[in-house]
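As structure tokens, the structure follows; a few thoughts come after it.
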Amino acid sequence: MSQRSHEMDEPLIPLRKTQSSKGSSSGSSFLKRISAAAGIAFMDELGHQDNVLGNMLFSSEMLEELVSDKNKARIDELGGVKALARGLGSSLKQGLTGSDDIQRKLKYGANKVERPPPPTYIGLFLEAMQDTTVIILLVAAAVSISLGVLVCVADLGASCPRKPIWGGPVDLSREDFSDRACSSWLDGAAIIIACLIVGNITAWNEMAKEKQFRALQAQQDDCDVTVKRNGIEVDQDTISRKMKVPADGVFVKGNDCKVDESSMTGESDEVAKNEDHPFILSGTIVTSGDCWFLVVAVGYRSEWGKILSELTTERDETPLQEKLTVLAEDIGKMGTLVAILCFLAQLVIWFIDLGRETCFYPDDAGNPSPRENCQLGYPGLNDKIQCVNTVVGKYRCFWMTSFQNWNFVKLKDLVSFFIDSVTIIVVAVPEGLPLAVTIALAYSVKKMQRDKNLVRVMAACETMGGCTNICSDKTGTLTQNQMTVTDGYFAGWASEGDLPNPAGPGPALSTNAVSIIAESIACNSKANIGIDGKRGNPTIIGNKTEGALLFFLRTLGLDYRSIRDKYPVVRSYPFSSLKKRMSTIVQNGEKKRLFTKGASEVMLQICDKYVDHDGVVKPFPDELRGRVMQYISKMASQGLRTLTCAYRELAENEAIPTYAEGSDALEKELVCVCICGIKDPLRKEVTDAVKKCRRAGIVVRMCTGDSLLTAKNIAKECGILTMEGTAMEGPMFRRLSPEVQREALQVKELPNGEIQTLQVLARCSPQDKFTLVQRLKEMGEVVAVTGDGTNDAPALKEADVGLSMGISGTAVAQEASDIVIMDDNFSSIEKVVHDHFYFYSCDKVNVVALGICMVGAVTGFGTPLKPVQLLWVNLIMDTFGALALATEEPTPDLLDRKPYGRNDKLLNSYMWRNITVQSIFQLVIQLSLLWAGASFLVDCTNDSKVPGCVPLLPNGQGKNTNGNYRDTVIYNSFVWMQLFNEINCRRIYNELNMIDGVLKNPIFVGIWTFCAIVQVLSVNYGGQVFRTVPIDVYDWVLCLAIGSVSLVLGVFQRFLPASLFDFSRAQSSESSKQTPSSVHDMDEGL
């Protein structure tokens, strides 16, 4: 609602413009007794200036209960509507009087809903930074920076690096221990920058999403009304014919007022409002007639407000977020354990090293100094004689143990060990994962916006990839929410679904027959067809059923307006729920004609003639009447509502009854014109979308307020209710215990391939749908709920993913949802599921990087992959790689794979197979280069100082003394193995053609090319930043060849049965559910 309608607290509001008339009610003795007990003088009517605060006797709680129970008897007990108004301090004649606005708002509240303020960018950023993985990274970065600064300031890295216990020189370049000491803080700074990128991208996307949704919300908030105050109607703005009720109230007076309560109750039928059915709910729509009603509940105390108040609870983590949290924790624990083992191993080696004799330089006084001779003192080499014969200045070098020459500078080794351990933790934690997921989700949000889907909660995109159950509303979601004539009996012809159409296959009716059908429909109707001002689409103004008949006239090529102009209305008799029919008398030249329509079983009793296909009036024999009744029953069994139109020419001297007298005297000996079968038809794409969801292993369930028969017919038509499926009514479902409810929802696979489970819940209340979602989540299912009505809001909020409709959906439903389907197209739901299966197919674990760093640190070679290189691999390349994979267009056979449930493992057996094979290959290559690379690699780079090719030193150093040649080859080959393995990851199951369709994804090609270019630049020009030196063309070919083997290996690994890689029983059972049939066939063949 707009602000001006929010703040109105007038208890008397007309729905549509109305003539003044006496209010109906009586009896105020009950209130007089209450007033007397309270010492208040009760007045039957209020003057214009009377203050009514003393007469506001009813509490808000009592009024709430009155509306919730819809207890008409309670109103009678209070003395009727007039007494109810007096208890509110109002008057049916005058409306509100006096000037008690402040006190009234304090007692009953204002008619507005306080929306939470929009989140700030800083708030969203800080929320993103609370991610567990990000926090671990920030702590590691802080430790890394602190230690880096300490080592640099204390100059602790100026001495030799530790020497391996089995001999052989280590890297002696300045880069490895002196320059490194004063630049190691850059590693921690890079981690912090990466975390800031994660936070800003997340905050920016959330802010943009919230801004767009609030703009959509603002368009639906306007609601203008006419109120009565001091006996005067205050017209604030033009009253819309299709007005939204702004507050809960009780009917006072009106004329044929009908309200569409589908947004609150799920029922598509319009509800007449009168003295017998007086309760009018906020959020509903007036479709015809007009009335005044007494407001009894506003704001959060109204039915609409109470539903909105249920939407304030915090959301649970999405299934993928839960699994990523567990994965990050598990990997972090594994990395911490490896880091501790690495630290302890290095500590043991350090103590051994301290007890080994080595060579020390003398100081200026001739005493042993802390500085070692880095060229001498390696285990297995007899350097003692050379050491003691080496003279520095005036004094000889000393040969002794470090224990004998102890100095606190030795503690810098412990600092180095800790830095290595922290590096291992940094490598273990998938720091690229949060950024990868954020960027991939951001891309998905943009893509869905282009597809007319508004994503309110970004994480909902990935959750849909694991959806196992869809609980769908019927009206407006599966159906078009527009009553339509789909079958009927027209002028003696049964259409059998082929409606009369000038150019179609339907019954061939004469011009006279078509004319009388059109006249009986157009003249006896108050509905109109207008244009939706927001979307420009035709829309029904008034009764939906009458609108369906007008749209039917359009299919006949006729304009109802011209027909109405031809036949002026003499008198109309509105629909009576008691008689189940309505009539209109029109002027037909010099004569008058009566048109009547109503329920078929009633109308056929007062028809004794019918119009045949030539437009000729004939007697209505019993045999034909019986066939017509059978056809009506057939249409009813198909879920169609039938409406019969008839007419009668009135005699020239026949009296016209007044409105009060009614039309009963005229409604006899009618001529039956047509019987229209009307239903809210399915959306065209629903059946195919349901099939695709079932193919993907997703259980689709329908929840509706319709009768069980109607619900079952609709569910069968769209493919939701199968032969073995069950249907149940809401009252029966809610009487079951939670255990029995869960048993009814359990999916049982039968030998014929069908499933047996509860698929239809009819007569479903909002609480029933809410309970259904709760039970499914308790069973470990990932639940998506679709809906368009206010009554759907609690279930939309409770579900893992709530999907509301952008056109027919109410503001409350959209507020509760995660994704708004802007075009109300059900196939968009299936597309969302299809598109986001890929989120569960793009996970990588840095097993190789972890292993090579650990082995290098323990054996004394140091970590061959430097921290900046690891950041490039983990944060930049893996992030872009995950984005490239997440932007892959899903293939049709992706729906053959079962969805990932809430309790399913994030890494299934196929992923473990791929990870295991590739990790073993990469680890063998990396360790071979680390331990033996110096013996077979040759540096043939162009260097004017050292021409030709030279073998590497035992420590892996080549011509360039500013870096390590061997470690550069290790780093380069490692990255190229990752790049080629990304192509493997496009298909994670048993598909043999991993490059199929790769050129159709320009994002994947662009990202892969970008990473390749940056890799070339980082090797040739990275220098001190990337800790690399240029390598020659031969070793470039070697690195590319090693990388391409990953692609070839990816083909052969698919011939390994995935069952060999089921590392737990739970995983094994889930794997069988996740495997497409083609995958099962291949495994069996192997």
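Of note:
- Extreme residue, nearest to K691 (Cα to Cα), among residues of the stretch 704-739 that are within 29 Å of the chain's Cα centre (by Cα) and among the β-branched types (V, I, T): I720
- Annotation note: Cβ proximity below 7 Å between a residue of the stretch 1043-1057 that is in the same structural domain as N993 (by TED's automatic domain parsing) and a residue that is assigned to a loop (DSSP other than H, G, I, E, B) (sequence gap 6+ or interchain) occurs for G1050/M994; V1051/L992; R1054/N990; R1054/L992; F1055/L1086; P1057/L1086.
- Only listed residue being within 30 Å of F1055 (Cβ to Cβ), without any contact (Cβ under 8 Å) to a residue 60 or more places away in the chain and surrounded by fewer than 19 Cβ atoms within 10 Å (Cβ to Cβ), chosen from S928, S935: S928
- Residue within the stretch 588-595 that is more than 18 Å from I516 (Cα to Cα) and not assigned by TED's automatic domain parsing to the domain that holds D276 present: no
- Of the residues contained in the stretch 718-741, none is found to be touching a Pro at 6+ places or on another chain (Cβ under 9 Å) and either hydroxyl-bearing (S, T, Y) or under 16 Å from T475 (Cα atoms) (or both).
- Against the criterion of being aliphatic (A, V, I, L, M) and either modelled with pLDDT of 90 or more or loosely packed, with under 14 Cβ neighbours inside 10 Å (or both), L553 qualifies.
- Pairing residues of the stretch 652-673 that are farther than 30 Å from H613 by Cβ and not assigned by TED's automatic domain parsing to the domain that holds A494 with residues that are of a type in the set (A, V, I, L, M) and loosely packed, with under 13 Cβ neighbours inside 10 Å, at Cβ distances under 7 Å and at least 6 apart in sequence or on separate chains, gives no pairs at all.
- Selection within the stretch 453-486 - in contact with a Phe, Trp or Tyr (Cβ under 9 Å, 6 or more places away or on another chain) and of a type in the set (D, E): E462
- Exactly one residue among V422, V391, V429 is modelled with pLDDT of 75 or more and not assigned by TED's automatic domain parsing to the domain that holds G465, and that residue is V391.
- Put simply, of K748, K777 the only residue that is of a type in the set (K, R) and surrounded by 15 or more Cβ atoms within 10 Å (Cβ to Cβ) is K777.
- So V409, is it more than 30 Å from K634 (Cα to Cα), touching a strand residue (DSSP E or B) at 6+ places or on another chain (Cβ under 6 Å) and modelled with pLDDT under 75: yes
- Whenever a residue of the stretch 735-747 is within 11 Å of L772 (Cβ to Cβ), its partners that are part of a loop (DSSP other than H, G, I, E, B), lying with C-beta atoms within less than 8 angstrom and at least six residues away or across chains, give the pairs R742/M779; A744/L736; A744/T757; L745/T757; L745/M779.
- Among the residues of the stretch 948-974, those that are in a loop (DSSP other than H, G, I, E, B), out of contact with any Leu (no Cβ under 8 Å at 6 or more places or on another chain) and either over 21 Å from A849 (Cα atoms) or of a type in the set (S, T, Y) (or both) comprise G948, C949, L953, P954, K959, N960, T961, N962.
- The set of residues in the stretch 1026-1042 that are surrounded by fewer than 21 Cβ atoms within 10 Å (Cβ to Cβ), farther than 20 Å from K959 by Cβ and touching a residue at least 12 places away in the same chain (Cβ under 8 Å) contains only L1040.
- Sub-9 Å Cβ pairs linking a first residue in the stretch 351-371 that is assigned to a loop (DSSP other than H, G, I, E, B) to a second residue that is of a type in the set (A, V, I, L, M) and surrounded by 14 or more Cβ atoms within 10 Å (Cβ to Cβ), at least 6 apart or interchain, are R356/I165, ordered by first then second residue.
- Scanning the stretch 1005-1021 for residues that are more than 42 Å from the chain's Cα centre (by Cα) and touching a residue at least 12 places away in the same chain (Cβ under 8 Å) yields a single hit, V1019.
- Considering the conditions (1) in contact with a helix residue (DSSP H, G or I) (Cβ under 9 Å, 6 or more places away or on another chain); (2) not in a helix (DSSP H, G or I), G497 is excluded by exactly one of them, (1).
The values are calculated or read from the model by the stated rules, or taken from the named source; none is laboratory data. Values in this document were obtained by computation on a predicted structure and should not be read as measured data. Note that each Cβ is placed from the backbone with ideal geometry, even for glycine, and that neighbours are counted across all protein chains shown.
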